[in-house]
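Down below is the structure, laid out as structure tokens.
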Amino acid sequence: MYIIVDDRESVANSYVGGLVREGVSSIGFSSGEFWDWLQSASESDLAAVDAFLLGDCDARGSLPRAMRKRSSAPIIAMSGQKMLKNTLELFESGVDDVVHVPVHLREILARTAAIARRRVGELPRPCESRIQVFFNGRDPEIAGHALTLPRRELRILEYMVANHGKWITKTQIFNAVYGIFESTFDESVIESHVSKLRKKLRDRLGFDAIVARRYVGYRLNIPAGETLDEPVQELDDVGILLNRAQAAPAAYPASN
């Protein structure tokens, strides 16, 4: 889930709408609303946050450090001023990255994944030589061939790859896919999504990559010694690629 902090409601709503179209749950806050939420949010709610997008708002200089005290999620500042002084001030405030608007949201998704990957280290996990996940809306690839997935199944696969080998609960997956503020759907919808994703992976990989255990959750488990029916070409040293989308930037609003 992405959290957008911007005192311009129309701008925050624009980013929320764009992220939802990319298949990523998100919510917008004004700076005042965000302060209140940040102080009262539970640890499980904060763990569901993929990134904070910091737009034009009051106390932008102090917000990043307050965020960092409660969460390790990437903080990306969105600036409409392409001036070195402004950019340096944003980095000094504690943000992880600065992007200048207008910016394509797939670039923001890729930057978020790059920040997260640097934090956990560059050593590849077993699954990364078999499943390429790009974290920018692009279809994943298995053995060099694209696997077309509905956006929610793609989000589940991304979340599982990021947590490869770990048991993750249905609630954790629901929060990652639908967001912690979603009340329209029930958590049971995750069972259907995972079942469909599990079958598609099994058809391509030749074995069950997703392990399910009642009362525990799910785990993506691709042993290092497993091989595919089709030869994997030039993937061993690739891992998860974060290629920036080549599409032209979308017209998301810039600061005035």
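The values are calculated or read from the model by the stated rules, or taken from the named source; none is laboratory data. These figures come from a predicted structure and were not determined experimentally. Every residue, glycine among them, receives a Cβ derived from its backbone with ideal geometry; neighbour counts consider all protein chains shown. Remember, those area values only see protein heavy atoms, side chains included, never the ligands or the DNA or RNA. Shrake-Rupley method; radii C 1.70, N 1.55, O 1.52, S 1.80 Å.
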Count - residues of region 175-214 that are open to solvent by less than 80 Å² (accessible area, probe 1.4 Å), closer than 18 Å to GLY23 by Cα and at pLDDT 90 or above: 6
Test: residue in region 187-206 that is over 30 Å from SER40 (Cα atoms) and in a loop (DSSP other than H, G, I, E, B): yes
Subset of region 45-61 [open to solvent by 50 Å² or more (accessible area, probe 1.4 Å) and within 16 Å of the chain's Cα centre (by Cα)]: ALA47
Hey, ILE27 among the aliphatic types (A, V, I, L, M) and open to solvent by 10 Å² or more (accessible area, probe 1.4 Å) or not: yes
Residue in region 162-171 that is in contact with a strand residue (DSSP E or B) (Cβ under 9 Å, 6 or more places away or on another chain) and open to solvent by less than 10 Å² (accessible area, probe 1.4 Å) present: yes
Unique match (being in contact (Cβ under 8 Å) with a residue 24 or more places away in the chain, over 29 Å from LYS166 (Cβ atoms) and in contact with a Leu (Cβ under 8 Å, 6 or more places away or on another chain)) among LEU63, LEU105: LEU63
In region 215-236, the residues that are open to solvent by 50 Å² or more (accessible area, probe 1.4 Å) and modelled with pLDDT of 90 or more: ARG219
Condition met for GLY32 (of a type outside the set (D, E, K, R) and either under 26 Å from PHE135 (Cβ atoms) or under 17 Å from the mean Cα position of the chain (by Cα) (or both)): no
Yes/no for VAL95 being in a loop (DSSP other than H, G, I, E, B) and touching a Leu at 6+ places or on another chain (Cβ under 7 Å): yes
Complete set of residues in region 174-224 that are in contact (Cβ under 8 Å) with a residue 24 or more places away in the chain and touching a Phe, Trp or Tyr at 6+ places or on another chain (Cβ under 8 Å): ALA176, VAL177, TYR178, GLU182, ILE190, VAL194, ILE210, ARG213, VAL216, GLY217, TYR218, ARG219
Out of ASN136, ASN86, sole residue that is among the polar types (S, T, N, Q) and touching a helix residue (DSSP H, G or I) at 6+ places or on another chain (Cβ under 8 Å): ASN136
Search result, residues across region 45-54 that are in a helix (DSSP H, G or I) and within 23 Å of ARG117 (Cβ to Cβ): LEU46, ALA47
Filter result (touching a His at 6+ places or on another chain (Cβ under 8 Å), open to solvent by 40 Å² or more (accessible area, probe 1.4 Å) and either at pLDDT 80 or above or outside any loop (DSSP other than H, G, I, E, B) (or both)) within region 105-147: PRO126
Region 148-161, residues that are surrounded by 17 or more Cβ atoms within 10 Å (Cβ to Cβ) and touching a residue at least 40 places away in the same chain (Cβ under 8 Å): LEU149, ARG152, GLU153, LEU154, ARG155, ILE156, LEU157, MET160, VAL161
Residues of region 1-44 satisfying the condition of being charged (D, E, K, R) and outside any helix (DSSP H, G or I): ASP6, ASP7, ARG8, GLU22
